[in-house]
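A.B. asks: I'd like to ask some things about the structure below.
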Amino acid sequence: MAYDKFTVLKSTAVPMPIENVDTDQIIPARFLKATKREGFGDNLFRDWRYNVDNTPKQDFVLNNPIYSGEILVGGKNFGSGSSREHAAWAIYDYGFRCVVSSFFADIFKNNSLNIGILPVQVSPEFLDKIFTAIEADPKTELEVNLPEQTITIVATGEKESFDINGYKKHNLMNGFDDIDYLQSMKAEIETFAAGRLY
Amino acid sequence: MSNTPSTLFDKVWDAHVVRKIEDGPDVFFIDRHFIHEVTSPVAFLGLQNRGINVMFSERTFATADHNTPTINQHLPVEDPLSANQLKALEQNSAKYGISHWGLGNPKNGIVHVVGPENGITLPGMTIVCGDSHTSTHGAFGAIAFGIGTSEVEMVLSSQCIMQPKPKKMRINVNGALNKGVTPKDVILYIISKLTTAGATGYFVEYAGDVFENMSMEGRMTVCNMSIEMGARGGMIAPDETTYAYIKGREKAPQGEAWDKALAYWKTLKTDEGASFDVEYNYNAADIEPMITYGTNPGMGIGITKNIPLSTEVEGGKSTYEKSLNYMGFHEGEQMLGKKVDYVFIGSCTNGRIEDFRAFASIIKGRKKADNVTAWIVPGSHIVERQIREEGILDVLTEAGFQLRQPGCSACLAMNDDKIPAGKYAVSTSNRNFEGRQGPGARTLLASPLVAAAAAVTGVVTDPREFI
């Protein structure tokens with residue numbers, strides 16, 4: 001899909017220090033009935049965010065006006081479970097462009113990169129520093145610099161590097177996706193397919 | 001051919017790499033692609049928006065399962081959004097010439113049940129689907145895993161995805177399984193040891209006596225839940241059990257093609273001396289019937305054990321407390337005797353004939369407990385037919401149970417099969433996440449035997465009492 005290019009993002013962040021946030025929490029299955037990609041942000045974290053009568057749960061971080069920003073900071077093993085790309089769409093649709101955690105589930109990480117969300121994996125220690133900084137000051141800004149592959153707590157200057165493969169980095173910085181690449185090599189794929197046993 | 005010892009996984013992976021990208025993923029060829037109504041519509045929309053076509057329509061197979069009713073399938077689907085998704089799958093399949101087993105088709109059923117039972121799934125294949133439990137097909141010695149919708153669009157348009165090669169893990173379980181211990185218990189035990197993220201970044205090979213002696217249905221149950229420890233997939237080397245299962249199935253190779261395929265399949269095993277990034281060994285004798293007490297599949301214990309103390313578990317105390325609060329349980333409590341409101345048998349994990357045989361073996365001659373609502377959902381119409389033909393339906397009926405129609409049902413509760421808030425369900429499915437089986441629903445994952453014992457007693461019960 002077409003998405004905005006990602007280079008440097010400086011923003012406040014929303015802290016969610018919960019481990020094993022699974023994709024059923026990010027977007028429950030009953031909201032997967034649409035046949036379009038847009039609109040899933042309304043139901044992002046639906047059952048943590050709203051009571052059964054649809055009133056907001058006041059103790060949930062997305063309902064706390066103190067916190068805002070384009071960066072979501074989650075606990076270890078973020079995005080486990082179902083392969084639903086709707087989870088990444090919901091996060092994007094809500095307005096996040098970057099998710100920070102000390103560990104990501106594989107499929108969620110792939111899905112995020114494919115739609116223009118940058119997953120930034122930091123050390124557990126740096127994740128703690130981010131949570132502590134945001135707890136002390138909810139207006140704490142983070143700077144995520146994709147070309148340099150660094151994430152910085154702006155106020156203190158504390159910085160850490162993160163990994164991303166060169167191909168995906170290039171795609172994100174230029175707003176390209178894999179389908180553009182694959183379309184350019186169809187003749188090669190055709191030849192390969194002809195040699196398959198089945 | 002090089003003489004370096006190689007793993008089953010390497011053999012299959014390397015045979016499917018169309019191009020290697022430096023400092024990037026492999027361009028990875030996909031032999032078989034399954035699609036269903038929930039994760040495919042946006043992919044087709046993508047094709048349309050880009051003005052591109054499906055490259056090999058004969059390599060994709062569509063079935064409706066996630067969002068289908070499990071009663072009155074002959075009537076129009078009431079929920080307009082669900083009906084719309086089913087219609088989109090039908091129309092997209094027709095438009096691009098893709099095989100479609102929709103609601104009411106005698107071949108219809110859960111994607112990971114119908115693929116193998118119709119001989120679409122074969123050893124040495126690469127298989128993907130927009131569903132994380134695609135790992136099921138690894139039971140045949142295939143590399144099979146779940147993908148996102150952007151990748152569904154890639155496969156439709158180019159039969160390839162861009163995939164970094166995962167690391168390799170081998171899990172060996174040796175010895176003889178104890179009475180009442182099923183493949184579901186084996187995999188729940190492994191996940192409880194490795195945790196829900198313990199295999200993230202890896203592709204797993206399961207090896208050892210326990211898997212060699214397992215039926216194909218059992219192997220599918222094990223591989224199915226590989227994703228629940230974070231692994232992209234899991235696989236088991238094909239052997240005589242595999243060949244016997246495949247032979248004669250509708251889309252399986254026949255005649256000369258069979259001989260050629262069989263010769264290839266016999267090469268699909270890990271060579272002696274091949275290396276893995278990590279290896280684990282477990283003893284079959286240590287495994288007892290398992291049950292989960294928390295909100296991820298790693299939170300499982302032997303059914304006679306007590307819920308661990310927060311001081312005994314890895315990870316954050318607050319996350320653990322949140323989980324037990326949701327379940328309405330306390331640390332240190334025993335699971336046996338806890339009240340059960342619902343029993344669900346079915347899903348791509350335990351919706352095959354062997355699972356219903358196991359369930360029937362315990363309920364035969366007994367009655368459903370009055371406090372239990374039971375949903376018995378076959379994985380496909382073929383399984384449903386087997387249930388009738390083998391007399392299992394009579395056993396169910398006599399014990400006070402009803403059989404529903406095939407589909408994913410209460411495993412993810414997209415349709416009307418939702419466990420009500422606060423209620424406890426012993427479920428043979430694969431995920432016990434908060435709200436997975438309905439908002440506020442509390443899931444205890446277990447085997448068909450544990451589900452049967454709960455169904456007749458109304459409480460968590462050790463199935464060995466009935467065997």
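The values are calculated or read from the model by the stated rules, or taken from the named source; none is laboratory data. Computed from a prediction, not measured in an experiment: that's the story for all the values here. Glycine also receives a Cβ, built like all others from the backbone with ideal geometry; neighbour counts cover every protein chain displayed. Just so you know, the surface numbers come from the protein's heavy atoms only, side chains and all, with ligands and any DNA or RNA stripped out. Shrake-Rupley method; radii C 1.70, N 1.55, O 1.52, S 1.80 Å.
A.B. asks: Hey, if you put +1 on the Cβ of every Lys and Arg and -1 on every Asp and Glu Cβ in the protein assembly as shown, which of B:Thr349, B:Leu324, B:Thr196 ends up farthest toward the positive end of that dipole?
C.D. replies: Selected residue: B:Thr349.
A.B. asks: Okay, next question. Considering only DSSP beta bridges whose two residues both sit in the range B:294-466, what percent are antiparallel, to the nearest 5?
C.D. replies: DSSP beta bridges in the range B:294-466 are roughly 15 percent antiparallel.
A.B. asks: For the peptides B:115-125, B:322-332, A:26-36, what is the packing order when you average, over each peptide's residues, the other Cβ atoms within 10 Å and list the highest mean first?
C.D. replies: B:115-125, A:26-36, B:322-332
A.B. asks: Per residue of A:13-22, what is the mean number of Cβ atoms on other protein chains within 10 angstrom of that residue's Cβ?
C.D. replies: 4
A.B. asks: Now a separate question. Which shape class, rounded, prolate or oblate, goes with the range B:364-433 when its Cα gyration tensor gives a ≥ b ≥ c as root eigenvalues, a/c under 1.5 marks rounded, and past that a/b bigger than b/c marks prolate?
C.D. replies: Oblate.
A.B. asks: Here is a further query. Structure shown: which of A:Lys129/B:Lys317; A:Lys36/B:Lys165; A:Lys76/B:Lys305; B:Lys184/B:Lys247; B:Lys167/B:Lys193; B:Lys20/B:Lys266 lie over 23 Å apart, alpha-carbon to alpha-carbon?
C.D. replies: A:Lys36/B:Lys165; A:Lys76/B:Lys305; B:Lys184/B:Lys247; B:Lys20/B:Lys266
A.B. asks: Exposed loop GluC sites (Glu not before Pro) only (DSSP loop, at most 16 other Cβ atoms within 10 Å): please give the longest stretch of chain A free of them, not including the sites.
C.D. replies: Result, exposed sites excluded: A:39-147.
A.B. asks: Next up: Given a 1.4 Å probe and every protein chain left where it sits, what share in percent of the accessible area of the protein assembly as shown is carbon and sulfur?
C.D. replies: Accessible surface attributable to carbon and sulfur in the protein assembly as shown totals 48 percent.
A.B. asks: Let me know the charge dipole size of the protein assembly as shown about its Cα centre in debye, to the nearest 20, where only the beta-carbon of Lys, Arg (+1) and Asp, Glu (-1) is charged.
C.D. replies: 980 debye
A.B. asks: Hey, which aspartates and glutamates would be in cross-link range of A:Lys57, C-alpha to C-alpha under 14 Å, not counting anything within fewer than 8 residues on its own chain?
C.D. replies: List returned: A:Asp47.
A.B. asks: Which of the residues in the range B:103-149 lose at least 10 Å² of accessible area when you go from the chain alone to all protein chains together (probe 1.4 Å)?
C.D. replies: Relative to the lone chain, where solvent access is computed with a 1.4 Å probe, the range B:103-149 loses at least 10 Å² at B:Leu122, B:Met125, B:Ser132, B:Gly146, B:Ile147, B:Gly148, B:Thr149.
A.B. asks: Still on this structure, please answer the following. Given only helices, namely DSSP H runs of n ≥ 4 each adding -39500 (n - 2.57), what is the per-residue ellipticity at 222 nm of chain B, to the nearest 500 deg cm²/dmol?
C.D. replies: Estimated from H runs of four or more residues: -9000 deg cm²/dmol.
A.B. asks: Specify, per residue and in Å³, the volume enclosed by the convex hull of the alpha carbon atoms belonging to the range A:1-160.
C.D. replies: 105 Å³
A.B. asks: Ignore the peptide's own chain and count Cβ atoms of other chains within 10 Å of each Cβ in B:154-166; give me the average, rounded.
C.D. replies: Mean shielding by partner chains, rounded to a whole number: 5.
A.B. asks: Tell me, what is the FRET efficiency for A:Asp59 and B:Lys165 to the nearest 0.05, using R0 = 45 angstrom and their Cβ-Cβ distance as r?
C.D. replies: FRET efficiency, A:Asp59 to B:Lys165: 0.55.
A.B. asks: May I pose another question? To test your reading of the geometry: what angle, between 0 and 90 degrees and rounded to tens, separates the Cα axis of helix A:124-136 from the longest principal axis of chain A?
C.D. replies: The two axes meet at around 40 degrees.
A.B. asks: Need the C-alpha centroid separation for the range B:266-320 versus the range B:161-233, integer Å.
C.D. replies: 9 Å
A.B. asks: When N is the residue count of the range B:294-466, what does its C-alpha Rg come to as a fraction of 2.2 N^0.38 Å?
C.D. replies: That ratio works out to 1.01.
A.B. asks: Of A:Ser82, A:Phe108, A:Gly69, which is farthest along the charge dipole of the range A:67-163 in the positive direction, counting Lys and Arg as +1 and Asp and Glu as -1 at C-beta?
C.D. replies: Value: A:Ser82.
A.B. asks: How much accessible area is lost when chains B and A come together, counting both sides, with a 1.4 Å probe, in Å² rounded to the nearest 100?
C.D. replies: Buried area (both sides, nearest 100 Å²): 5500 Å².
A.B. asks: 5 Å is the cut-off here: which amide hydrogens, built 1.01 Å from N in the peptide plane, fall below it relative to A:Val120, excluding neighbours closer than 5 in sequence?
C.D. replies: A:Val99, A:Val100, A:Ser101
A.B. asks: Here is a further query. Sticking with the crude label model, points 7 Å out along Cα→Cβ, report the distance from B:Glu312 to B:Phe56 in nm, one decimal please.
C.D. replies: Calculated label separation equals 5.1 nm.
A.B. asks: Using the alpha-carbon atoms, what tilt in degrees (0 to 90, nearest 10) does helix A:106-115 show relative to the longest principal axis of chain A?
C.D. replies: 80 degrees
A.B. asks: Also: Give me the net charge of B:Gly328's neighbourhood, meaning all other residues with Cβ under 15 Å from the Cβ of B:Gly328; Lys, Arg count +1, Asp, Glu -1.
C.D. replies: 0
A.B. asks: Also: Given q = 0.09 Å⁻¹, what are the Debye log10 I(q)/I(0) values for the protein assembly as shown, with equal point scatterers placed on the Cα positions and solvent ignored?
C.D. replies: Log-scaled intensity ratios, in q order: -0.71.
A.B. asks: Using only atoms on other chains, find how many Cβ atoms lie within 10 Å of each Cβ of peptide B:431-437 and report the average.
C.D. replies: Per residue, the number of nearby Cβ atoms from other chains is 6 on average.
A.B. asks: Counting other C-beta atoms within 10 Å, and keeping those with at most 15, which DSSP coil trypsin sites (Lys or Arg not before Pro) do you find in the range B:173-231?
C.D. replies: Hits after loop and neighbour filter: B:Lys179.
A.B. asks: Roughly how many Å is it from the Cα centre of the range B:1-48 to that of the range B:404-467, as a whole number?
C.D. replies: Cα centroid to Cα centroid, the span is 34 Å.
A.B. asks: Related question: Treat the range B:1-288 as a sphere of radius equal to its Kirkwood radius over Cα pairs and apply Stokes-Einstein at 25 °C in a medium of 0.890 mPa s; give the translational diffusion coefficient in µm²/s, rounded to a whole number.
C.D. replies: 124 µm²/s
A.B. asks: Okay, moving on. Provide the percentage of antiparallel DSSP beta bridges, counting only those with both residues in chain A; round to the nearest 5.
C.D. replies: Here the antiparallel bridges make up roughly 50 percent for chain A.
A.B. asks: Relative contact order (percent) for chain A, with alpha-carbon contacts under 8 angstrom and 6 or more residues of separation?
C.D. replies: 26 percent
A.B. asks: If you don't mind, another one. Placing +1 on the Cβ of each Lys and Arg and -1 on the Cβ of each Asp and Glu in chain B, which of B:Val340, B:Leu309, B:Leu262 has its Cα farthest towards the positive end of the resulting dipole?
C.D. replies: Looking along the dipole axis, the top candidate is B:Val340.
A.B. asks: Can you compute the charge dipole magnitude of chain B about its Cα centre, using +1 on each Lys and Arg Cβ and -1 on each Asp and Glu Cβ, nothing else charged? Give it in debye, rounded to the nearest 20.
C.D. replies: Once rounded to the nearest 20, the dipole reads 440 debye.
A.B. asks: Also, quick follow-up: For the protein assembly as shown, what is the percent of antiparallel DSSP beta bridges, rounded to the nearest 5?
C.D. replies: 35 percent
A.B. asks: If each residue of separation counts as 0.36 nm, what is the full-extension length gain between B:Glu272 and B:Ser99 once their alpha-carbon separation is subtracted?
C.D. replies: So the extension gain works out to 58.2 nm.
A.B. asks: Something else about it: Using +1 on the beta carbon of Lys and Arg, -1 on that of Asp and Glu, and nothing else charged, what's the dipole of chain A about the Cα centre, debye to 20?
C.D. replies: That gives a dipole near 420 debye.
A.B. asks: Suppose R0 equals 45 Å; then what is the FRET efficiency for B:Lys260 and B:Asn72 from their Cβ-Cβ distance, rounded to the nearest 0.05?
C.D. replies: It comes to 0.50.
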